[in-house]
Each structure stands twice: as C-alpha cells, then as structure tokens.
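The values are calculated or read from the model by the stated rules, or taken from the named source; none is laboratory data. Treat the numbers as computed from the prediction; the structure is a model and nothing was measured. Backbone-built Cβ (ideal geometry, glycine too); neighbour counts: all protein chains shown.
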Amino acid sequence: MRSTRDSVAALAKVSSATVSRVYNNPDAVSEDLRQRVFEAARILGYAPNPLAASLRRKGTGTLAFVEFNKTGRPYYWGSFSSFDWFFGRAVRGVQKVIGQSSWQLRFYRVGNQEELKLLEKQCDGILAYDVDTPQELSLFDGITIPAVLSHHIGDDEQGCIVRTDNLYGGELQGRYLKEMGCEKPLYITGYVESVEPHAKRLEGFLRVYPQAKVISTAIGSPASIASIQDQVEQLLAVRSIDALAAVNDLTLFDLLMRCPMDLPAVGYDASPFSSLLGKRVASVDIQSGRLYQKATEKLLSMLAGKQEASTTILPRLVRDVQ
C-alpha cells in the first residue's frame, strides 16, 4: 500500500499538519519533530508530491535561485572557475532545506528588472545569490513575491537579507596574526575602490594593525602577483614583514607558491586548495553553506505567511584549511 502523509504522521506520532509543516516550512518545527517525521518517512518510503503540494498552494511549487549577470566589471570573483566550489557549498546549503520539502528549485540568470519581473510569474519565491551592488538591490523594487537576498549586502539595506560581515572577517584575520605574535604584517588586496567587500576586509584588518603594510594589485589577473613580487621579496630581505594576509585565498596561494616563505599566513574564503601549498594556512570562512541554508529557511517561512527580518551569519576563522 502506498504511504501517505497520514501514515507518516501515525508512525511518527504527530499530526498530519505537522508532517506538512516539516516538508513545507521546516524552520517552524523543532529539530526533534523533524527527525521523527523524516525517520518515519524513510521507513515507509514516503516522499511528498511536489505537484500536488503546488496545487494545494495554488502556486507553481517552484522556487528560483537567481544569479545576476555581472559582465563588464573589472573584477568579479564569481567569474573565476576556481571559485566554483564556493557556489557548490551555497547550493548544498539550499539543498539541505529544499530536499526536505515539497518545493522544487530552478536556476536562473537575470540581467535587468524586466527579466526579474518575467521570472516573478514563473515561481513562488526567489533566492538571490550574491547581490552586491545598489543597482542589483534596486531590481527588487516592486517584486511582489517573497524574496531573500544574500550575501554581500550592507547593514542599512532594506528587505529580507542574509548577509556576511566582511569587516568582522578582516578583524579575524588580524586577530589570528596577533595571536601568532606577529607585529609587522603585509596585507595584499586589490580593487578596494570598486569592490566593497575588499574595502571592508582591509578596514577590519587595519583596526587590528593600523600600521600594517598594504600592497594593492589587480588580483585575479595572470600578472597580478608577478607585478608585486619584487616588492614582497625586498620586504622579506630587510625583514620589514613577519606575517602575510590576503583578501582571498587564491591571492595568498599564488604569492606563497611564487615566493615560498616561512611566515604565519591567513587568507579569506577557506578554499579547499591549501594542500597544494605543502603547508597549512589559516583562512576566514564565510560559511556559504550555512548562509544559504538560513536564507532558504527564511524564504520558506515567508511563503508560509510569516514576517522575516534580515540576519547576519558571522564568518569564522579556520586555523588549518584543508
């Protein structure tokens, strides 16, 4: 006999309404109840029917994961294939919530408000990935379906936003080097005038080390590290620096592979490639999986009729990136 929501409810000793909430608004149900329902569903081989659920809701049953077209920028980290792992972590966070619900997820890329308005007719809610400019934020003016925006958005922006804190992340980098007893760090960055997260990370680092040496380069370009290599080697030769920090891991790794140095080092993003260095480095983890998991939970809560406020997921220091 085919398992049903009612049979799952009976086995889990909860109401059918609780089973429905577990799959459609899991944030509204305690962890204990969720696990009881999931275990009962596993035993009975139950899976919610997304089409039936969408008919009951009188909607499409679809959520949109939206990326924005960011072509034309002098620098955008997401355009580098070496950052695909970050996107994967974010999607895995979404999957943890969507995979236990009756919602379906579709992926879209938009470039203007007209395209976003068209998308509004094809889904019931929007998860917006890496909204990081006022122009992108303004595209949501007049959007009537629930939307949650992430992750490089300032504290003063309106809407339901799940953000990271780059200022705090820069402070974490500085605090780590302080704990290591460093007094003369070098900070490598770039595009601080046009990329606000870079500017915030540097600002946070300088709160800990106001007199730190800072070198700016066209990070991400093939010649970026080569352009500052002589400067770094000269600083090392006269012992003007005793530690190294960088605005992201790939910049740090590129420098350490070109200029091997036995100094404490800390990057940003907690990328999975540190093993290529032959040494352990520290890094700041934005926690993209947790961040987008929280964004998805908020979106499902809004779709259930609740009001949701913005929140910040603080980055964390990872002392030995693996």
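Is it the case that the range 164-178 has a residue that's within 19 Å of GLU67 (Cβ to Cβ) and under 22 Å from the mean Cα position of the chain (by Cα)?
yes
Would you please name the residue that is surrounded by the fewest Cβ atoms within 10 Å (Cβ to Cβ), looking only at residues in the range 74-104 that are touching a residue at least 24 places away in the same chain (Cβ under 8 Å) and not in a helix (DSSP H, G or I)?
Filtering the range 74-104 for residues that are touching a residue at least 24 places away in the same chain (Cβ under 8 Å) and not in a helix (DSSP H, G or I), the one surrounded by the fewest Cβ atoms within 10 Å (Cβ to Cβ) comes out as PRO74.
Can you work out which of the residues in the range 44-73 that are crowded, with 16+ Cβ neighbours inside 10 Å and polar (S, T, N, Q) is modelled with the lowest pLDDT?
SER54
Does PHE107 count as among the hydrophobic types (A, V, I, L, M, F, W, C), assigned to a helix (DSSP H, G or I) and not assigned by TED's automatic domain parsing to the domain that holds VAL195?
Criteria not met by PHE107.
Among the residues of the range 153-166, what is the count of those that are out of contact with any His (no Cβ under 6 Å at 6 or more places or on another chain) and within 12 Å of TYR292 (Cα to Cα)?
Of the residues in the range 153-166, 2 are out of contact with any His (no Cβ under 6 Å at 6 or more places or on another chain) and within 12 Å of TYR292 (Cα to Cα).
Condition check: closer than 30 Å to ILE126 by Cβ and touching a Pro at 6+ places or on another chain (Cβ under 9 Å). Does GLY169 satisfy that?
Taking the combined requirement at face value, the residue satisfies it.
So, in the range 16-32, exactly how many residues are modelled with pLDDT of 80 or more and under 19 Å from SER3 (Cβ atoms)?
Number satisfying all stated conditions: 0.
Counting only residues that are in a helix (DSSP H, G or I) and touching a Leu at 6+ places or on another chain (Cβ under 7 Å), which one in the range 1-15 is modelled with the lowest pLDDT?
VAL8
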